[in-house]
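To keep things clear, I will list the structure first and then write my remarks on it.
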Amino acid sequence: MLKTLQRIVQEVNSARNLDETLSIIVRKVKRAMKTDVCSVYLFDNNSQRYILMDSVGLKKESIKQVSLSAGQGLVGYVGLREEPVNLDDATQHPNYVYFAETGEERFHSFLGVPIIHQRRILGVIVVQEQAKRRFDEGEEAFLITISAQLAGLLAHSLATGSSNRSDPRLSQIHGSCFRGVAGTSGIAIGTAVVVLPVANLESVPDRPAEDIEQEITQFNEALAAVRYDIHEVNRRLAQRLSEEERALFDAYQGMLDDSALGHEVNNKIREGNWAQGALCQVVTRHARFFELSEDDYLKERASDIRDLGRRVLGYLQKAEQQYIEYPSQAILVSQEVTPAMLGEIPKEKLVGLVSVQGSSNSHVAILARAMGIPAVMGTIDLPVAVLDGQQLIVDSYQGVVFNSPSDELLIQYGQLIQAEEKLLKGLEHIAGLPCETLDGHKIPLLVNTGLAQDITHSLNHGAEGVGLFRTEVPFMISERFPSESEQQKVYRAQLEAFYPQPVVMRTLDIGGDKALPYFPINEANPFLGWRGIRVTLDHPEVFLVQVRAMLRASEDLDNLQIMLPMVSNVPEVTETISLIERAWHELCQEGLNIQRPDIGVMIEVPGAIYQVAQIAKYVDFLSVGSNDLTQYLLAVDRNNPRVASLYSSFHPAVLAALNAIAEAAKQTDCRLGLCGELAGDPRGAILLMAMGYNSLSMNAVNLPRVKSAIRSLHRRDAVQLLDSVLNLETAEQVLEQISLTMEDLGLKQLLQPSLLD
Ligand code: PEP
Ligand code: MG
């Protein structure tokens, strides 16, 4: 059974459009369950109706003609109940509605299962038989399993433009919204430029060939280039491999033969598809054929043919690269945006980016942040292949992307962008003013940095220092561990730029989702694994080089502070302090004039909340990492778009923890700050100030808004607000309460722009 399931899913996976997806589903499910009928009805949001999209067993003429309103008939009933309905005689059910054009009067037994993706009903899959019998438990379980597995694929297929075109009645896709995770802040409206990853067969879109002869020439040249490459590889390996072992290359040459693959692709191009699309169609079809074989040898051939396809595609894409013309407001879209792609689009034309893969900590998201480009990462359902040239809205505050937005949405987002620009312009004058409440309570605002580009932004916005320098960023964009002197140069630039203000440098925080290409960590649960201080304590040789570079960089400036990430127990703190002090003593002995830097610990692991008093004995300051603290407290992966709606630092449990940390820190001599995203949201900043946090560190872009909020209220207003939210039950209630209060205080314009809250 599992094999059958896998095979159906695999086949559906390789379908190229919605019609093909549906056709595979109904045929394969009918065959696997040996029923008389299998049909799929899809729910159209606009008309609020279930449309019979495909069927084997019902009359052909009913397909795409029969539809039922929500709640109508047995299909509507399944949708309404959101659970399977299993009947031995459907005609006896009070909800039964008969459509003559389906010819379904012959079928008595009925099993309908809802197709649900991310809590949304996509449709209903139905199997029917002539005999009057209830489907048994096994059959019901099979259909539920297949429906659950297919829901994601179907959602993806539904979201493609081709599905739209093939059935205008399924119109909900226009203006559809795809969720990812926020990679930066900001909003962009522009035209999608889909950049293909190097030779990725899965994400090549179909496109009409503009010049068929030119496409054929390009394809034939690419084919010849690959033939030559294979010939060369074969020749080079001749010394090391026997003739039999090299037989594969002959097979490759055979597949590439003009009369085989080449011939088929040429035909597809002549039918109108461009060379890349034609190649992918042919390769995918052959590969699928081999994959479905029971014979292991033939199965292997599937990867051979894909490999060859990728090689040819690689050459075609090289030729294609030269022809890309970027629109003036380009939004870079790719399966996985790479830093190199970022570099290819002229700077003045790039307004946003969207990447299906990757997280807010991906290298490219970090670069986008530094460049001030709105980015949404991890848009797992985004139909990249069909987006090229479409209008997009990228809302990186909310981590969502809209394609082909309605005029109304465009106007609303246009207004948000304008309001945002106006607001920030209007706040420029406060850059040089202190961050204090109307009654004089001061709370310094610091910035989070990582790249050299961040420095200018930060200084322009009036930062009072750096509250978090993410030192892993220079490590992430390097090809090996940077040397001591290379690091020293980077650190010195930060320390000098902000001198005499403090710069808090966090020691290497790799692991989790922050990978170094040259130091891979493969773990089943990376966020609970070898991360942050755990890695550096196990590698003192790496750690000491970093600490020495920091200390050297601070000579004669003495504005360095060192912070430790991911601390979960006191010995980690004491051991690290010994290492730092050892390095400091050694450098002093070498004659350098360096003050011992203040040392602090990040509170970002739930266990540390309860050890604030003990940890505080050894350090000078504490800084809450609310991004990780929220993730660990709520058990919600901060980079997983599937659970993004559960991730909120305004969750009452998170606020209670933040408050408890503040209360505990007040009993110590330690200064307390917070450097997660919450600090950069005026709503969070107000609460944190009320709790007693001494400083807040955030992205430079958010700083003026936060400062303006704090400068516009009395501390008692903030304390009152805090009191009113601490006992609420949900994050939504908390946000609602804050919004009301900010409105009362005349601060509504400072709320982060959102059409979705
Ligand atoms: C945090 O966890 O809140 C934090 C500031 O660190 P990072 O986002 O780099 O993990
Ligand atoms: Mg963290």
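Examine the stretch 689-699 for a residue that is closer than 30 Å to Ile373 by Cβ, within 16 Å of ligand 2 (Cβ to nearest atom) and either modelled with pLDDT under 95 or of a type in the set (Phe, Trp, Tyr) (or both), and state whether such a residue exists.
yes
Which pairs have Cβ atoms under 9 Å, sit 6 or more apart or on different chains, and link a residue in the stretch 402-424 that is under 21 Å from Asp388 (Cβ atoms) to one that is part of a helix (DSSP H, G or I) and hydroxyl-bearing (Ser, Thr, Tyr)?
From the stretch 402-424, the pairs are Phe402/Tyr413; Pro405/Tyr413.
Give me the residue from the stretch 635-644 that is open to solvent by 30 Å² or more (accessible area, probe 1.4 Å) and in contact (Cβ under 8 Å) with a residue 12 or more places away in the chain and, out of that set, nearest to Ser355 (Cα to Cα).
At the first step, the residues of the stretch 635-644 found to be open to solvent by 30 Å² or more (accessible area, probe 1.4 Å) are 635, 637-638, 640, 642-644.
After this cut, where a residue has to be in contact (Cβ under 8 Å) with a residue 12 or more places away in the chain as well, the list is 637-638, 640, 642, 644.
Details: Asp637: 18, Arg638: 16, Asn640: 13, Arg642: 15, Ala644: 16 Å.
Looking at residues that are open to solvent by 30 Å² or more (accessible area, probe 1.4 Å) and in contact (Cβ under 8 Å) with a residue 12 or more places away in the chain, I get Asn640.
Could you check Arg715 against (1) within 16 Å of ligand 1 (Cβ to nearest atom); (2) in contact with a His (Cβ under 6 Å, 6 or more places away or on another chain) and say which number it fails?
(1)
For the stretch 381-393, state whether one or more residues are within 13 Å of the chain's Cα centre (by Cα) and open to solvent by less than 40 Å² (accessible area, probe 1.4 Å).
If we filter the stretch 381-393 for residues that are within 13 Å of the chain's Cα centre (by Cα), which is where we start, we get 381-382.
In the following step, the residues that additionally are open to solvent by less than 40 Å² (accessible area, probe 1.4 Å) were identified as 381-382.
Yes, because at least one residue in the stretch 381-393 is within 13 Å of the chain's Cα centre (by Cα) and open to solvent by less than 40 Å² (accessible area, probe 1.4 Å).
Taking the stretch 671-688, which residues are surrounded by fewer than 24 Cβ atoms within 10 Å (Cβ to Cβ) and more than 16 Å from ligand 1 (Cβ to nearest atom)?
Result: Arg671, Pro682.
Could you tell me how many of the residues in the stretch 489-532 are of a type outside the set (A, V, I, L, M), away from ligand 1 (no atom under 14 Å from the Cβ), surrounded by 15 or more Cβ atoms within 10 Å (Cβ to Cβ) and under 22 Å from Leu696 (Cα atoms)?
Matching residues across the stretch 489-532 total 6.
Scan the stretch 592-602 and tell me whether some residue there is of a type in the set (S, T, N, Q) and within 15 Å of ligand 1 (Cβ to nearest atom).
So in the stretch 592-602, the residues of a type in the set (S, T, N, Q) come out as 593, 595.
When the remaining residues are screened for being within 15 Å of ligand 1 (Cβ to nearest atom), the result is none.
Checked against the condition, which is being of a type in the set (S, T, N, Q) and within 15 Å of ligand 1 (Cβ to nearest atom), the stretch 592-602 yields no hits at all.
Just one of the numbered conditions (1) modelled with pLDDT under 95; (2) of a type in the set (S, T, N, Q); (3) farther than 21 Å from Gly529 by Cα is not true of Asn659; which one?
(1)
Where in the stretch 1-113 are there helices (runs of 4 or more DSSP H), lying wholly inside it, with at least 3 residues that are within 27 Å of Leu201 (Cβ to Cβ) and open to solvent by 50 Å² or more (accessible area, probe 1.4 Å)? Show your work before the answer.
Values: elements: 2-13, 18-33, 73-81.
Qualifying helices (runs of 4 or more DSSP H): 2-13, 18-33.
Among the residues of the stretch 86-113, write down those that are closer than 19 Å to Ser67 by Cβ and among the acidic types (Asp, Glu).
Across the stretch 86-113, the qualifying residues are Glu101, Glu104, Glu105.
Mind checking which pairs have a first residue in the stretch 443-462 that is under 14 Å from Gln501 (Cα atoms) and a second that is part of a helix (DSSP H, G or I), Cβ under 6 Å, 6 or more apart or different chains?
What qualifies is Leu445/Leu703; Leu445/Lys707; Val447/Ser458; Val447/Ala700; Ile455/Ala497; Ser458/Ala700.
So, in the stretch 617-634, of the ones that are without any contact (Cβ under 8 Å) to a residue 60 or more places away in the chain, part of a loop (DSSP other than H, G, I, E, B) and of a type outside the set (A, V, I, L, M), which residue ends up nearest to ligand 1 (Cβ to nearest atom)?
The extreme case among them is Asp620.
Which of the residues that make up the stretch 598-615 are away from ligand 2 (no atom under 14 Å from the Cβ), open to solvent by 10 Å² or more (accessible area, probe 1.4 Å) and not in a strand (DSSP E or B)?
Taking the stretch 598-615 as the starting set, the residues that turn out to be away from ligand 2 (no atom under 14 Å from the Cβ) are 598-599, 607, 609-615.
Going one step further and asking which of them are open to solvent by 10 Å² or more (accessible area, probe 1.4 Å), we end up with 598, 607, 609-611, 613-614.
The answer is Gly607, Ile609, Tyr610, Gln611, Ala613, Gln614.
Quick one: would you say Tyr297 is assigned to a helix (DSSP H, G or I) and modelled with pLDDT under 75? Steps first, answer last, please.
On the way: assigned to a helix (DSSP H, G or I): yes; modelled with pLDDT under 75: yes.
Taking the combined requirement at face value, the residue satisfies it.
Looking at Leu445, Leu451, which is the one that is within 27 Å of the chain's Cα centre (by Cα) and open to solvent by less than 20 Å² (accessible area, probe 1.4 Å)? Don't jump to the end; show me each part of the working.
Numbers: Leu445 fails: within 27 Å of the chain's Cα centre (by Cα).
Of Leu445, Leu451, the one residue that is within 27 Å of the chain's Cα centre (by Cα) and open to solvent by less than 20 Å² (accessible area, probe 1.4 Å) is Leu451.
Could you please find all residues in the stretch 724-744 being assigned to a helix (DSSP H, G or I) and of a type in the set (D, E, K, R)? If you could, list the steps in order and put the result at the bottom.
Filtering the stretch 724-744 for residues assigned to a helix (DSSP H, G or I) gives 724-726, 731-744.
Within the stretch 724-744, Glu732, Glu736, Glu743, Asp744 qualify.
Yes or no, residue by residue, for (1) of a type in the set (Gly, Ala, Ser); (2) modelled with pLDDT of 85 or more:
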site	(1), (2)
Gly450	yes, yes
Thr456	no, no
Pro482	no, yes
Gly512	yes, yes
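Inspect all residues belonging to the stretch 400-420 and state whether any of them is under 30 Å from Asn559 (Cα atoms) and either surrounded by fewer than 16 Cβ atoms within 10 Å (Cβ to Cβ) or outside the structural domain of Pro517 (by TED's automatic domain parsing) (or both). Don't jump to the end; show me each part of the working.
Filtering the stretch 400-420 for residues under 30 Å from Asn559 (Cα atoms) gives none.
Within the stretch 400-420 (the criterion being under 30 Å from Asn559 (Cα atoms) and either surrounded by fewer than 16 Cβ atoms within 10 Å (Cβ to Cβ) or outside the structural domain of Pro517 (by TED's automatic domain parsing) (or both)), the answer is no, since none of the residues qualifies.
If you take the residues of the stretch 533-568 that are open to solvent by 10 Å² or more (accessible area, probe 1.4 Å) and within 16 Å of ligand 2 (Cβ to nearest atom), which of them is nearest to Met505 (Cα to Cα)?
Here the answer is Arg534.
Of all residues in the stretch 363-380, which are open to solvent by 10 Å² or more (accessible area, probe 1.4 Å) and either under 22 Å from Asn13 (Cα atoms) or assigned to a strand (DSSP E or B) (or both)?
Within the stretch 363-380, Ile380 is the sole residue that qualifies.
Hey, can you tell me all the residues within the stretch 459-480 that are surrounded by fewer than 22 Cβ atoms within 10 Å (Cβ to Cβ) and in contact with a Phe, Trp or Tyr (Cβ under 7 Å, 6 or more places away or on another chain)?
Gly465, Glu479, Arg480
Tell me which residues, restricted to the stretch 690-748, are polar (S, T, N, Q) and closer than 25 Å to Thr449 by Cβ.
Selection gives Asn694, Ser695, Ser697, Asn699, Asn702, Ser708.
Got at least one residue in the stretch 696-711 being open to solvent by 50 Å² or more (accessible area, probe 1.4 Å) and either part of a helix (DSSP H, G or I) or under 15 Å from Val624 (Cα atoms) (or both)?
Taking the stretch 696-711 and keeping what is open to solvent by 50 Å² or more (accessible area, probe 1.4 Å), we get 701, 711.
If we keep only those that are either part of a helix (DSSP H, G or I) or under 15 Å from Val624 (Cα atoms) (or both) too, we end up with 701, 711.
Yes, some residue in the stretch 696-711 is open to solvent by 50 Å² or more (accessible area, probe 1.4 Å) and either part of a helix (DSSP H, G or I) or under 15 Å from Val624 (Cα atoms) (or both).
The values are calculated or read from the model by the stated rules, or taken from the named source; none is laboratory data. Keep in mind that what you see is a predicted model, and the values were worked out from it rather than measured. Cβ: placed from backbone, ideal geometry, glycine included. Neighbour counts: every protein chain shown. Heads up: the accessible areas ignore ligands, DNA and RNA and are worked out on the full protein's heavy atoms, side chains in. Shrake-Rupley method; radii C 1.70, N 1.55, O 1.52, S 1.80 Å.
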